[in-house]
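One structure is given below, encoded as structure tokens.
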Amino acid sequence: MIDLEKIPEHVAIIMDGNGRWAENRNLPRIAGHNAGMIAMKGIVKAASAIGVKHLTVYAFSTENWRRSSEEISGIFKLLVIYVEKELDELHQNNVKVRILGNYDKLPKEAVKSLERTLETTKGNTGLQFNIALNYGGRNEILRAVKKIAMKVEEGILKADEITERDIADNLYTSGIPDPDLLIRTSGEMRLSNYLLWQSAYSEFVFTDVLWPDFTRKDFENAIEIFQHRKRRFGGR
Ligand code: FPP
């Protein structure tokens, strides 16, 4: 049983294993992404019901552009379908959507759907659903460094006075607390350029379950494991 008094404020997820799920069934990879999208819907609902404040999912990385154009366009089509089908419900459930990453490089239709979603849900105060799209952790840090360097060039800031807070404030996640719990599915145990700065003290939970099979029960299990960890943040 999860302890409702100790719900992680921010849960981040690497939704991995869609491709293998499809291969196991002799289906095209995009069928795996479609099943992954359905799983994602379920976890958004679960997170909202449990009282998680921030849910951040890795939907498309800066490295995913190396995949076939068919798979890439399929993922973005699914994104549009997801947004068009779910927007009303997300809004009714008081969910606020935010995008992490350089999403204006996405296909036009996806950008349009996303902007409508951001606009519609911007005043909502329930679960904040952060979707990492065309996101890469190193790129995010580089972008922050450039923004800070500009301020130094302009004489607004002294190099010696740059703080960790300045860096955090210039990441896509500015204003979002660091993830307490980071879940990766499908048996892979690496960070893959996800939330590099933000995950400094996150608890990691890895599961062999492939993302399309990941249910509310699996999500609750991960939270339960998190609740049994002793977090010291480098202290004693
Ligand atoms: C990783 O599985 C998954 C992705 C790269 C895409 C995630 C996309 C979704 C969950 C559905 C689409 C929804 C949105 C909002 C874009 P993989 O393909 O790396 O699986 P594999 O490691 O088994 O090949």
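Would you check if there is a residue in region 202-221 being surrounded by fewer than 15 Cβ atoms within 10 Å (Cβ to Cβ) and within 19 Å of Glu140 (Cβ to Cβ)?
Checked against the condition, which is being surrounded by fewer than 15 Cβ atoms within 10 Å (Cβ to Cβ) and within 19 Å of Glu140 (Cβ to Cβ), region 202-221 yields no hits at all.
May I ask you to say which residue of Ala159, Ala168, Ala149 is small (Gly, Ala, Ser) and in contact with a helix residue (DSSP H, G or I) (Cβ under 6 Å, 6 or more places away or on another chain)?
Details: Ala168 fails: in contact with a helix residue (DSSP H, G or I) (Cβ under 6 Å, 6 or more places away or on another chain); Ala149 fails: in contact with a helix residue (DSSP H, G or I) (Cβ under 6 Å, 6 or more places away or on another chain).
That would be Ala159, the only listed residue that is small (Gly, Ala, Ser) and in contact with a helix residue (DSSP H, G or I) (Cβ under 6 Å, 6 or more places away or on another chain).
Restricting the search to region 116-143, which residues are more than 21 Å from Tyr194 (Cβ to Cβ), more than 15 Å from the ligand (Cβ to nearest atom) and without any contact (Cβ under 8 Å) to a residue 40 or more places away in the chain?
Correct list: Glu119, Thr120, Lys122, Gly123, Asn124, Thr125.
Looking at (1) surrounded by fewer than 21 Cβ atoms within 10 Å (Cβ to Cβ); (2) in contact with a helix residue (DSSP H, G or I) (Cβ under 7 Å, 6 or more places away or on another chain), which is the only condition Leu127 fails?
Result: Leu127 passes all but (1).
Quick check on region 152-168: of everything there that is open to solvent by 80 Å² or more (accessible area, probe 1.4 Å) and assigned to a helix (DSSP H, G or I), which residue is nearest to Ala200 (Cα to Cα)? Before you say what the answer is, go through the steps one by one.
As a first pass, look at region 152-168 and keep what is open to solvent by 80 Å² or more (accessible area, probe 1.4 Å): 153-154, 156, 158, 160-161, 164-165.
Among the residues that remain, those that are also assigned to a helix (DSSP H, G or I) are: 153, 160-161, 164-165.
Details: Glu153: 29, Asp160: 23, Glu161: 22, Glu164: 12, Arg165: 14 Å.
Within region 152-168, the match that is nearest to Ala200 (Cα to Cα) is Glu164.
Which members of region 105-115 meet the condition of being in contact (Cβ under 8 Å) with a residue 12 or more places away in the chain and surrounded by 16 or more Cβ atoms within 10 Å (Cβ to Cβ)? Let's see the steps before the verdict.
Taking region 105-115 as the starting set, the residues that turn out to be in contact (Cβ under 8 Å) with a residue 12 or more places away in the chain are 105-107, 109-110, 113-114.
Once the filter is applied, which keeps residues that are in contact (Cβ under 8 Å) with a residue 12 or more places away in the chain and surrounded by 16 or more Cβ atoms within 10 Å (Cβ to Cβ), region 105-115 yields Leu106, Ala110, Ser113, Leu114.
Testing Arg236 on (1) at pLDDT 95 or above; (2) not in a helix (DSSP H, G or I), one condition comes back false. Which one is that?
Looking at each condition in turn, Arg236 falls short on (1).
In region 172-190, which residues are within 14 Å of the ligand (Cβ to nearest atom) and surrounded by fewer than 21 Cβ atoms within 10 Å (Cβ to Cβ)? Walk me through how you get there before you give the answer.
Taking region 172-190 first, the residues within 14 Å of the ligand (Cβ to nearest atom) are 183-190.
Result: Gly187, Glu188, Met189, Arg190.
The values are calculated or read from the model by the stated rules, or taken from the named source; none is laboratory data. Predicted model, so just to flag it, every value in this text is computed and none were measured. So basically every Cβ, Gly included, is an ideal-geometry build from the backbone, and we count neighbours across all protein chains shown. Protein only, heavy atoms only, side chains kept; ligands, DNA and RNA dropped before computing areas. Shrake-Rupley method; radii C 1.70, N 1.55, O 1.52, S 1.80 Å.
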